[in-house]
1. List 92, 138 from most exposed to least, where exposure is judged by having the fewest other Cβ atoms within 10 Å.
2. Regarding the range 34-154, what is the average projected area of its C-alpha convex hull, in nm²?
3. Just the ratio, please: alpha-carbon radius of gyration of the range 62-122 over 2.2 N^0.38 Å, N its number of residues.
4. Considering Cα pairs under 8 angstrom that are at least six residues apart, work out the relative contact order of the range 34-154 and quote it in whole percent.
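Bear in mind these aren't lab numbers, they're just calculated from the coordinates by the rules spelled out. These figures come from a predicted structure and were not determined experimentally. Please note: Cβ atoms are built from the backbone with ideal geometry, for glycine as well, and neighbour counts cover all protein chains shown.
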């Protein structure tokens, strides 16, 4: 609706949609920082292929963690990886090793896979909600393909830092 200069817009009406029936991100999403301890890790299973993609998956759901991604690391351990939520595109600029990329939607259905992406590349999938960054070769080993359904479960827990003992002088 066009308005004459100086007029204010009428107040927006609230739709009749009942939001109470929609699950919240915190209730259902294992990536939610509201339900997850930062030291927690996840495992990712491919339900269709009955294979495991990762057993020690870190979650990057905050702005700084998503921006940093895997930058500064020398590699990924087998069974490791990073789940960037939300995310539709990544780059491998300044990385020191190739990675596999698995793009997934909000229902954890695989939308696109890219294997052994070398450093200095860009990759995107605009229909994805998040991306798994995994060790190169994981896609081939697990047989993961677009259309596969993934399941996230609690994985190995990272041990909290050991307390530092200060020697007492007598």
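1. Result, fewest neighbours first: 92, 138.
2. 6.7
3. 1.10
4. 31
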